[in-house]
Amino acid sequence: MTAIDPTAHLSDEQIEQLGRELDALRDEVVSSRGERDAAYIRKVISVQRKLELGSRGVLLFSLFPPAWLIGTAGLSVAKILENMEIGHNILHGQWDWMRDPKIHSTTWEWDHVSPAAQWKHSHNELHHTYTNVIGKDNDLGYGIMRVDEDQKWYPFHLGQPLWNFINACFFEYGIAAYDLELGKNLHKRRRNNPEFRARAREVGKKIRKQVLKDYVIHPLLSGPSFLTTLAATFTANLVRNLWSHSVIMCGHFPEGVQTFERRSIVGETRGQWYLRQMLGSANISGSKALHIMTGNLSHQIEHHLFPDLPSNRYGEIAPKVRELFDRYGLEYVTGSMPKQVFSAWRKVFRLSLPNKADRTRTRTPRRAEERVAA
């Protein structure tokens, strides 16, 4: 957030015109989806499965250090691909238009301890609806961090760099806890709620399935290499967690990304919703390989504008989206991954401390009708 409203120069009509232009861009992509896109996701799935199978095969010989390194590296990449470019995007419904029952948001279950159905609710329905709205979008701070100067500071926040690091290491479990709204539901009256207990059982079932697969079955299949395969799997999960956490941090935490108050979305129009997605997201610049490994969430701005478009199209439309930013006088927040990771972590450390008396107080960008009323 900045001390100056970055939308102050836009009128109501300009904001709605921006929305109409973005709608037209979306319609253009939807009308051109076809075999090229279907071939892309099928190829990624095929590569990922072959890489995982090959890596697990190499780990049969993981008593030998070179085999351990190669197998662990391959398994790490395979798990990242499955979570980011495949699972995340399929569960967004990006490929539902193919009508392939094997690659569909209603049937896909991913390599993650959070059940797909619960993740779709907390992520697709809540996070993407209330992007960066404090008190509504718990993705913003995972429910454990102070993310804006206007939030009241408590001594507990001094530990948020540590909480964030622990969350990064065990990110899939943090997401599962977030999907359950565990902090809120641990209250005695809430944890006895039948709906919560049913969802908790589903999470427990999924965790047991993942632990059995990763830490019992596959290591046992390695025979004498049981312990080294166990270590390799743990390392691959750790790498996957740290990577996915970093990608998410880069998309919503760097300096220049805006947060919003609850009152700012009352009566929000389509154009204003688009504007919030533009201001509440940040991109990562880099190679094609980096884009694929991030699930194309390196194009976080484009993803938040159009969460159900095929991920391979985000890079194609990014120049058109950036042109709209320039034309409407808005900042397109982007940078290399090291830059964005550093910026996000610096913000985590900065906001773990109380505001300095001379620090400029920031405010949420107001909607156009609020500016007119003022």
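Bear in mind these aren't lab numbers, they're just calculated from the coordinates by the rules spelled out. All values reported here derive from a predicted model rather than from experimental measurement. Don't worry about glycine lacking a Cβ; one is built from the backbone with ideal geometry, like all the others, and counts go over all protein chains shown.
Placing +1 on the Cβ of every Lys and Arg and -1 on the Cβ of every Asp and Glu, with no other charges, gives region 1-144 a dipole of roughly 980 debye about its Cα centre. Simple point charges give the picture: +1 on the Cβ of Lys and Arg, -1 on the Cβ of Asp and Glu, and for the chain a dipole about the Cα centre of about 1340 debye. Choose one of His128, Pro354, Leu221: the residue whose Cα lies farthest towards the positive end of the charge dipole of the chain (beta-carbon charges +1 Lys, Arg; -1 Asp, Glu; about the Cα centre). Going by the Cα projections, it comes out as Leu221.
Can you tell which of Asp150, Asp111, Asp96 shows the greatest fluctuation in a Gaussian network model of the chain with Cα springs below 10 Å? Maximum among the listed residues: Asp150. Maximal additional length on extending the Leu353-Ser287 stretch stands at 20.2 nm, based on 0.36 nm per residue less the C-alpha distance. Put a dot 7 Å past the Cα of Cys169, heading toward its Cβ, do the same for Arg270, and the two dots end up 4.8 nm apart.
Summing Lys and Arg as +1 and Asp and Glu as -1 over all other residues whose Cβ lies under 13 Å from the Cβ of Lys206 gives a net charge of 0. With r defined as the distance between the Cβ atoms of Asn193 and Gln151 and R0 fixed at 22 Å, what FRET efficiency is calculated, to the nearest 0.05? Using R0 = 22 Å, I get an efficiency of 0.20.
Legend: ranking of residues Arg42, Arg146 from fewest to most surrounding C-beta atoms inside 10 Å; resulting order Arg42, Arg146. Using the rule -39500 (n - 2.57) for each DSSP H run of four or more residues, divided by the residues of the chain, the 222 nm mean residue ellipticity is -16500 deg cm²/dmol.
Among His127, His299, a tally of other beta-carbon atoms within 10 Å of each Cβ gives an order, fewest to most, of His127, His299. In this Cβ point-charge picture (+1 for Lys and Arg, -1 for Asp and Glu), region 249-293 has a dipole of about 140 debye about its Cα centre.
Label zone (Ala8, point 7 Å along Cα-to-C-beta; backbone nitrogen cut-off 16 Å) within region 268-307: none.
Extension gain, Glu255 to Thr107, is 49.5 nm, computed as 0.36 nm per intervening residue step minus the present C-alpha separation.
FRET efficiency for the Arg263 to Ser31 pair, using the beta carbon distance and R₀ = 30 Å, is estimated at 0.20.
Note on the chain: with a GNM built from Cα contacts shorter than 10 Å, the maximum mean-square fluctuation among Tyr274, Tyr178, Tyr40 falls on Tyr40.
Cross-link reach is defined here as a Cα-Cα straight distance under 15 Å, omitting same-chain residues fewer than 8 places apart; for Lys43 the aspartates and glutamates meeting it are Glu35, Glu52, Glu82, Glu85, Asp100. Here His121 and Leu212 are evaluated by their C-beta separation; at R0 = 30 Å the FRET efficiency comes out at 0.75. Residues whose amide H lies under 5 Å from that of Ser285, counting only those 5 or more places away or on a different chain, are Gly335, Ser336, Met337; hydrogens are built 1.01 Å from N in the peptide plane. Residue pairs exceeding 22 angstrom between C-alpha atoms, taken from Lys136/Lys209; Lys102/Lys288; Lys79/Lys102; Lys79/Lys209; Lys152/Lys356: Lys136/Lys209; Lys102/Lys288.
Footprinting exposure proxy ranking of Trp273, Trp95, fewest other C-beta atoms within 10 angstrom first, gives Trp273, Trp95.
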